[in-house]
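The values are calculated or read from the model by the stated rules, or taken from the named source; none is laboratory data. A quick note: this is a predicted structure, and the numbers were derived from the prediction, not measured. Backbone-built Cβ (ideal geometry, glycine too); neighbour counts: all protein chains shown. Accessible surface areas use protein heavy atoms only, side chains included; no ligands, DNA or RNA. Shrake-Rupley method; radii C 1.70, N 1.55, O 1.52, S 1.80 Å.
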Amino acid sequence: MNWLPLYGLFYAAVTLYWARVAARENGDVETYFSAGHSIAPWISALVIAGASISGWALLDGAEQIGAGGFGLPALLQAGIALALPGVLFFKRLWLLGQRLRLSSLGELLRAYYGSEFLVAFAAAVAVLFAVAFAGLQLAALSRLVVLLTGGEVSLPVASTLLAVVLFGYVVIGGMRAVSYLGAIQAVFAAVAIVGFTGFALIGLGGFGQLNAGLVALAADPAKATRFIVTGVIQFTAGAGREAAAGHEGTALASLSVALGLMGFQASPLAIKMVLSSRSPRGLAAGQTWVMAATFGGLVALCVACLGAAAMVSSGFGIAGLLQSVSPWFGAWLFIGLLAGVQLMAGLGLLTAGEALVRNLYKPWFHGRLNRRDTVNLTRIVIGLLLLASVLMQNLTPVTLTVLGSLALPLAFQLWTPLLGITWLRWITRPAAVTGVGFGIAGVLLTEPFGIAVLSFFGLDLPWGRAPWTIHSAAWGMAANLAVTLLVSAFTQRRGLGQEAQEMRRFLSEILPAGSRARSLRSTAWSLTLAWLFLAVGPGLVFGNYAFLHADGSWALGMPSLWGWGLLFWVAGVGLVWFLSYKMEMASPLASEVPAYEPPPRLQADQRQAEHDRLRVLIFTCAVGFALVVIAALGFGR
Amino acid sequence: MAERSESVPLRQSFIFDRNLEVQSMSNRGPNLERNILVFAVWAVLGFLGLGIFLEGMARDLWSLSALGIALIVAAFIAHIVINGIFNTGFTPGETALGIGAYGFLGLVFVLGVASDGMTIADFYSGLTLFGVLAAGFLAYLLTRHGLRNAFSQFHIKPASEREAAK
């Protein structure tokens, strides 16, 4: 008997049950987008942590360790790297959202910077997460469905079925369904990670046998490099152009991958969830105990175990495990994996749909759109995004992969405008806009997408993916930061809008630096920099040999880098706790946040302007398309 | 806040448009949160327990089946603890689902025994499951409602009798 359809039906029924509950709570369409900002803090914490890890940890993290070994220890610190941005931003963004009654990242950026470019960029990042990043994971799940049903269900049918379930609960229940179901999905996904690990260890004969297998691998000179970081940096031309010595897992590769991971909690998805919460009370606990400690521990222990098991024997990969266990366990683990992926995909789709309709289309082209039509249009857009994702999963998987790899590094470029809003008042509007523009260029030029597009037009870059073994997130941020600093220095006299001034005034009033936090500031900087240096930065080279005996054997009975990773995961939890609570960066706040009342303004009729904008958009698209065709015909190959 | 006016300039219009969702705390909040926890508990402990129970049946290992039953009992205990935290009991839907599932599985078990297709380990695994669940159910009723009131949970008088008693 095939248990997968039975469990799948049960899962679909549960999603529809919660969609119904959410739709009834929504009161028609009134609270579709943000659940009336009433999501409980603990639900919000679970959803953010679950979406941050999603299916990525199992599908990609374990596979990367299985294929490349422990040479990229940043993967073991994923929980900490994902938690740090939340500690830095969430509390302040929630307060600003509450004060100005904002409900998405796009709205925050528009209110503070008044930049349509930044709003459009945030929307593009949300779309990338919803279509490509989530699409990649859904495609992997569809392949697993094909495998588990012995080919009885084809790939297009599997991807369509998964999309239909996702579409159903997102369009019916909106943010409430995504949140309520998301909390259950997060727990289920976490337990699935433990379950996969348990079965892998049982299959191998225990943790001792796993490490015995790793010892045998390390004894093979051809595979010994899988257990070390190959230096601080290697000045190669990048993947696809020049191979690195040993492998590409240098210390700076790790640091830049960690930076890429830090993009998720600066993305519109995570911020949407934060702004939909009714209170910031759960932020510190969520980032410290749920994200860094629990989910971080799952990655550092369980996902690493799974990756190591796949290194020892390829049969212990996710697909192999699902096939080897009993069908009821296989179905249960698969549904857990599906829950994790759909959690992130659902949040991504809702955020992307809102960003496109409510943050772009409505203010630019159709200001008279009423509430019901806005929600219905968003539902249609969500359907179209999902359709695009399914089509790409089946017809253009390579393009999907290339686009999916852009999501995290591009989201990381949002750090500079977010820092400007929350902490660094000297970042001016022109600096943030130009910086993000250069950051995007930096990412695109070091990712296969940009390289392939330029190559299509006949321009071959002399480098490949991740030149100098540095991930695109860091290249983008280097350009982003440099330009932001320079432009900020020259544009300090430019004033900010009324809302931005109110945001600054409000934050400085409601969050005066406490004496304890002020006195610990230098300690916080020192601890953070030390952790970054040793856990994911150049200090990783010490981890190669930190837990080795003089004869080269493993002092902890496990690879030295794994032990190093576990040590700094524990230290990282301490760091997140210290920053959240002691430095009060994410600590609970009891103050009331009254709504900001903007002064009344004279309002002009926008219909003609909206009509003109639509005409300009169509004309620009047509000219752009023509130019691309001409350039491709003239210079392309 | 009200729907934004059509004549607001682009940037300002957006600022006023952001607040169409009234900030509200759902009246059903605690119940919803309880339901989320109940679903999470059963998705994890319940289904894992079921899987281990079936594994024990497949391998003819009573001890493994007993471990699965222990997990199912743990799911019940977690459910009752959640009920206690939220100061509520099982909902009518949960009761109906639980009794229905118990009856259905009992029927399957009886049919399995009658068709003579069960091993001794399977037989004892089934008996243990139904025995433990029945004992647990009674224990729950007795501890929650007391000996006398536990019986009253099932003894529902027709309206005419209630009127007559008055």
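Of note:
- Residue check for B:A2: open to solvent by 30 Å² or more (accessible area, probe 1.4 Å) and either more than 7 Å from every other protein chain (Cβ to nearest Cβ) or at pLDDT 50 or above (or both): yes
- Among the residues of the range A:26-47, those identified as open to solvent by 10 Å² or more (accessible area, probe 1.4 Å) and assigned to a helix (DSSP H, G or I) are A:H37, A:P41, A:W42, A:A45, A:L46.
- Options A:L445, A:L410, A:L418: the member that is open to solvent by 10 Å² or more (accessible area, probe 1.4 Å) and under 19 Å from the mean Cα position of the chain (by Cα): A:L410
- Single condition B:E161 does not satisfy, out of (1) farther than 26 Å from B:L45 by Cα; (2) modelled with pLDDT of 90 or more: (2)
- Near pairs, Cβ below 7 angstrom, 6+ apart or cross-chain, from the range A:12-34 (at the interface with chain B (Cβ under 7 Å from one of its Cβ atoms) and on the phi > 0 side of the Ramachandran plot) to any residue that is part of a loop (DSSP other than H, G, I, E, B) and buried (at least 22 other Cβ atoms within 10 Å of the Cβ): none
- Evaluation of A:N544 against (1) out of contact with any Lys or Arg (no Cβ under 7 Å at 6 or more places or on another chain); (2) open to solvent by less than 50 Å² (accessible area, probe 1.4 Å); (3) farther than 22 Å from A:G231 by Cβ; (4) not charged (D, E, K, R) (one fails), failing number: (3)
- Entirely in the range A:97-209, the helices (runs of 4 or more DSSP H) that have 3 or more residues that are within 21 Å of the chain's Cα centre (by Cα), closer than 19 Å to A:A19 by Cβ and among the polar types (S, T, N, Q): none
- Of the residues making up the range A:514-535, just one is among the β-branched types (V, I, T) and modelled with pLDDT under 95, namely A:T523.
- Here A:R92 fits the description: surrounded by fewer than 24 Cβ atoms within 10 Å (Cβ to Cβ) and among the basic types (K, R).
- Residues being closer than 19 Å to A:Q137 by Cα and crowded, with 24+ Cβ neighbours inside 10 Å - total across the range A:167-182: 5
- In the range A:473-495, the residues that are open to solvent by 60 Å² or more (accessible area, probe 1.4 Å) reach residues that are in a helix (DSSP H, G or I) with C-beta atoms within less than 6 angstrom, at least six apart or across chains, in these pairs: A:W475/A:G442.
- Scanning the range B:33-47 for residues that are more than 7 Å from chain A (Cβ to nearest Cβ) and not basic (K, R) returns B:N35, B:L37, B:V38, B:V41, B:W42, B:L45, B:G46.
- The residues in the range A:64-88 that are closer than 20 Å to A:W577 by Cα and open to solvent by 10 Å² or more (accessible area, probe 1.4 Å) can be counted, and the count is 2.
- Any hit, the range A:225-245, residues being open to solvent by 50 Å² or more (accessible area, probe 1.4 Å), in a helix (DSSP H, G or I) and more than 14 Å from chain B (Cβ to nearest Cβ): yes
- Residue within the range A:291-304 that is more than 20 Å from A:I193 (Cβ to Cβ) and surrounded by fewer than 22 Cβ atoms within 10 Å (Cβ to Cβ) present: no
- For first residues located in the range A:565-589 and open to solvent by 60 Å² or more (accessible area, probe 1.4 Å), partners that are in a helix (DSSP H, G or I) and lie 6+ apart or on another chain with Cβ distances below 6 Å form the pairs A:W577/A:T288; A:Y581/A:A284; A:E584/A:A517.
- Helices (runs of 4 or more DSSP H) wholly inside the range A:326-395 containing at least 3 residues that are more than 11 Å from chain B (Cβ to nearest Cβ): A:327-354, A:371-395
- Counted residues, the range A:422-442 - those being part of a loop (DSSP other than H, G, I, E, B) and open to solvent by 60 Å² or more (accessible area, probe 1.4 Å): 3
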